[in-house]
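Here is the structure we will look at, set down as structure tokens.
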Amino acid sequence: MPDPSLELQKAIVARLRADASLTALVAGRVYDAPPVNPTFPYVTLGEADVLVQRADSYDGSEVSMAVHGWSRAVGFPEVKRIAAAIRASLHEAPLVLADGERLVDVEVTDNRALRDPDGLSSHAVVSVRAFTEPT
């Protein structure tokens, strides 16, 4: 059985890298893991949880994943624009999964903006929830 979070991650990265509105904000810098000294602003994929959902005639998963936006601009405006672009790109997006998984639904459930402990960065966390099932 494939890991639905891996298939969702691949689809999210592809979608965000192809999104013109987000690309205009982060110059295409969407990473699974950022380089050691990244150029700001950028987006990273974060933690993921998979809840298996099984019934007599159903074998699916609920996948929760965080997408992080990072900025070094003063205040929250830039990172909030990044979060809004991520939300617009992913909420109810027609993502195509591979390796035996099918997307049933995807939604952005919330997002928050915070100051990073480094004292220099602003950080947005966008929470995504998807329901998948095997094909």
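The values are calculated or read from the model by the stated rules, or taken from the named source; none is laboratory data. What you see is a predicted model, and the numbers here were worked out from it, not measured in a lab. Backbone-built Cβ (ideal geometry, glycine too); neighbour counts: all protein chains shown.
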key: Filter result for Ala33 (at pLDDT below 95 and more than 13 Å from Ile86 (Cα to Cα))   = yes
By residue number, the members of region 1-55 that are touching a residue at least 24 places away in the same chain (Cβ under 8 Å), of a type in the set (Ser, Thr, Tyr) and either exposed (fewer than 12 other Cβ atoms within 10 Å of the Cβ) or assigned to a strand (DSSP E or B) (or both) are Tyr42, Thr44
task = For region 60-69, indicate whether the set of residues that are outside any strand (DSSP E or B) and in contact with a Gly (Cβ under 8 Å, 6 or more places away or on another chain) is non-empty.
result = no
If we keep only residues of region 56-88 that are among the aromatic types (Phe, Trp, Tyr) and at pLDDT 95 or above, then the residue surrounded by the most Cβ atoms within 10 Å (Cβ to Cβ) is Trp70
Val79 fails exactly one of (1) under 14 Å from the mean Cα position of the chain (by Cα); (2) touching a residue at least 24 places away in the same chain (Cβ under 8 Å), namely (1)
Subset of region 56-70, residues in contact (Cβ under 8 Å) with a residue 60 or more places away in the chain and under 16 Å from the mean Cα position of the chain (by Cα), comes to Glu62, Val63, Ser64, Met65, Ala66, Val67
